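Derivation of every value follows stated rules applied to the coordinates shown; laboratory data play no part. The structure displayed is predicted, hence computed values, not measured ones. Ideal geometry is used to build each Cβ from the backbone, glycine not excepted, and the neighbour counts take in all protein chains shown.
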Amino acid sequence: MNYKSLLVGIAIGIPMLIAGCGGGGNLKNISIAITTAPPASLQVNQTASIAATVTMDSSNSGVDWSCTPTGTCGTFAPTHTASGATTVYTAPATAGPVSIIAASTKNSSKTASASVTINNINLNNISIAITTAPPASLEVNQSASIAATVMMDSSNSGVDWSCTPTGTCGTFVPAHTASGGTTIYTAPRTAGPVMIIATSTANSSKTASASVTINAVATASDITGTYTFFANGTNTDQSPYSVVGSVVINGGAGTVASGEQDLFSVGPGPGFVPTLFLQDTITDGTITVGADGRGTLTLTPTSAPAETFSFTVVNNKHILITEFDSNVISATASGSMDLQTVPASVPTNGNAFAVLDALNSLVIGGVFTSNGTTITTSQADDDIASTVHTNFALTGSTFTAPTGGRGTITLVDPNLGPSVFAYYVVGPEVFRVIETDGVGFAAGSIYGQGTAAFSTASLSSKFVFDVSGVEPPGTGIGIYSAAGQFAGNGTSGFTSGVADINLGDGTPKLAVSLTTGTTYTMAADGYGGIALGATLNTDGLANFGVYMVDPTLNIADPNNASGGGGAAMVDLDNDLGIGIVVPQATSPTFTGNYAFNEEGHISTAQFTYYGFVGQVVSDGTSKVTGFADLNERQIALIPSATLAGTYAPDGTNAGRSTMQFTINGAATPNNLTLYQASSGLVLHVDVDSTSNGVGTIGFGVFEQQQ
């Protein structure tokens, strides 16, 4: 080998090796150009996408972005990009010339620039449009999602929401949104036309509007026809009071044309002498209805003192009522008023019934078939002052046909003797009854069974129930309330069940399991019963009679075609009460407008009862708000008391919720447990602690207004 040639080759190769391993090439060869340029001018705060590409940078180090004059020229997001990648430039808030600079990260001496003139916003170019419009009409308190979009607003200042007439047009949450963002508009409690206004935040002279008609839940003219009503409670002497009747209402004129009623009010004197007003003609009256469905009904009977009822409309065929007056036999008494559909109806075929006489500690319930004149077959139960008789026949019981929707029943209980009742027709399967013989003082209802055949499978689905009544003398404060839910296994026991019970003995029993040892029976005629397990039947709550009704009949709202089925219920042990069992829907909602009532014993050192009826709106999540007329007997009549409640679902027992319910801003709220049957019906029981006659025991319903 020629060593000189080898040395020469090495000498030549070394510079080439050095040049080939320089880590980025010749920096002087790098170049950069803005390949996605900004517009020649932008408005203050406006944005633009820009990009720059670096060439001859084998390390691909990318681009760094900046601008002048420093600090007042705008911003970049991000400030560093890969070669060819986009950054978003945001113009500054002040007008003037700006130079945008793209620098090679590898060689910062290699730059490219673009000039942009920043202009003030031309407010006159801004426009706004409502892009998600509200419906043309909404019911009071109802909500709708709405949105508006602002055009040519480079500041993206968004939308401010308002409405007219100011103060009575509703609310927005939130009251300010981004362009295109959604707000929730909630209608006011008053009916009438409303104008919803979307305003550009950047230029308040730019607006868009939408008209909405706010409709009342009900109007007086909706309440027209013959209505059957009942109310049960206590009078000023803390003794039983019941009234059942029918009235002909001309809602358009705001008047009651005629009617009749039967009423008893039992005094505390020797022998508890009753005041009876039987088949008492109602000569006239008045009716008013507010936009939220709350109203007032006055009645002028021929013999009894004038009566005033506060009410809340559920629908034009069903209304919750509470007596709201101070006449000489005034009472706290709650019930309902339902459109009378077939006044000539007689309880025929199969029927279930339950009545309570609180004064005499008596309940009777069961099932019977009738030919319209006599009871032909029957299975009944009673509890007479804690002495229980079961499965006996009502042999010899008879009916008279109704005149003007009123008839009579002679009910022959072999353990008690005959009792005479007046019945008032709601329809062919619902009758309100009141005892008229002056010996007993019972009231309740009869429900048709249709053509259904029953069995233990009839209780195999989910149900909600409530029951209330009286306790033996010397127990608690003399009354009790309970509510709960259960599911039968189709043969004889419960697969699930829970209840809340307030016996007035100091501490309510909350979320009590009903499954252990509980059994039930059900015969083909709908006659059945529930026996709580030995570990559950404390404080006298042990056995219940359960009497099935027509699966298409809505017990709570008789003219409602949905929500049918269930049973009448009586308590057959030391405590005596009546109630209802209704099917429980899967995943119901609790949103919108609801009529609400409650009847019970008030939290006071006095032995005082209360009743109230009102209207609330539920947000579907955790809150209700509204107003009610509150009758605190012997204390005060309080019209339009404010209601505010917060509620929370029970995470363990679906369908059960707890609520804290404040009346008129009281420092101490009432504690309620809710059991939801459906989106249209929620049963509740007051579970405040009670001791030595001080506390609150109550029960009632929420019914969705339609």
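Note on residue 68 and residue 664: with the Förster distance fixed at 56 Å, the Cβ-Cβ geometry gives a FRET efficiency of about 0.25.
Ranked highest first by average number of other Cβ atoms within 10 Å, how do 390-403, 314-327 line up? Provide the component values of the computation, followed by the final result.
Details: 390-403: 15.7, 314-327: 22.1.
Those peptides, ordered most packed to least, come out 314-327, 390-403.
Packing here is the average count of other Cβ atoms within 10 Å per residue, and on that basis the peptides 165-173, 615-623, highest first, run 615-623, 165-173. Once the Cα atoms are used to define both axes, helix 3-20 deviates from the longest principal axis of the chain by about 40 degrees.
Which FRET efficiency value, to the nearest 0.05, do you get for residue 195 and residue 591 by plugging their Cβ-Cβ distance into 1/(1 + (r/R0)^6) with R0 = 22 Å? Between residue 195 and residue 591 the formula returns 0.30. Label positions at residue 637 and residue 175, each projected 7 Å from the Cα along the C-beta direction, are separated by 3.8 nm.
Note that segment 123-215 shows a convex hull volume over its alpha carbon atoms of 73 Å³ per residue. Dimensions of segment 29-119 based on its C-alpha atoms, expressed as ranges along the principal axes with the largest first, amount to 39, 20, 19 Å.
In terms of the mean number of neighbouring beta-carbon atoms within 10 Å, the peptides 221-228, 26-33, 240-247 order highest first as 240-247, 221-228, 26-33. Bridging of residue 28 to lysines at a Cα separation below 17 Å is possible for 106, 110, once same-chain residues fewer than 8 apart are set aside.
Each residue of segment 511-526 was assigned a 3J(HN,Hα) from its phi angle through the Karplus expression (A = 6.51, B = -1.76, C = 1.60, θ = phi - 60°), giving 6, 6, 5, 10, 8, 5, x, 6, 10, 9, 10, 7, 8, 5, 8, x Hz with x at Gly and Pro.
Hey, what's the Kirkwood Rh for the chain if you take every pair of different alpha carbons, in angstrom? Present the calculation step by step, with values, prior to reporting the outcome.
Numbers: mean 1/r = 0.0334 Å⁻¹.
Computed over Cα pairs of the chain, the Kirkwood hydrodynamic radius comes out at 29.9 Å.
FRET efficiency for residue 523 and residue 122, Cβ-Cβ distance as r, R0 = 60 Å, nearest 0.05?
On the way: r = 83 Å, r/R0 = 1.39.
Once the sixth-power term is evaluated, E becomes 0.10.
Would you calculate, for the chain, the mean residue ellipticity at 222 nm contributed by helices, counting each DSSP H stretch of 4 or more residues as -39,500 (n - 2.57) and dividing by all residues, to the nearest 500? Can you show the working numbers first?
Working: 1 runs with 18 residues, N = 706.
Mean residue ellipticity at 222 nm (helix-derived): -1000 deg cm²/dmol.
Simple spin-label estimate for residue 328 and residue 348 gives 4.4 nm between the two label positions (7 Å along the Cα-to-Cβ direction from each Cα).
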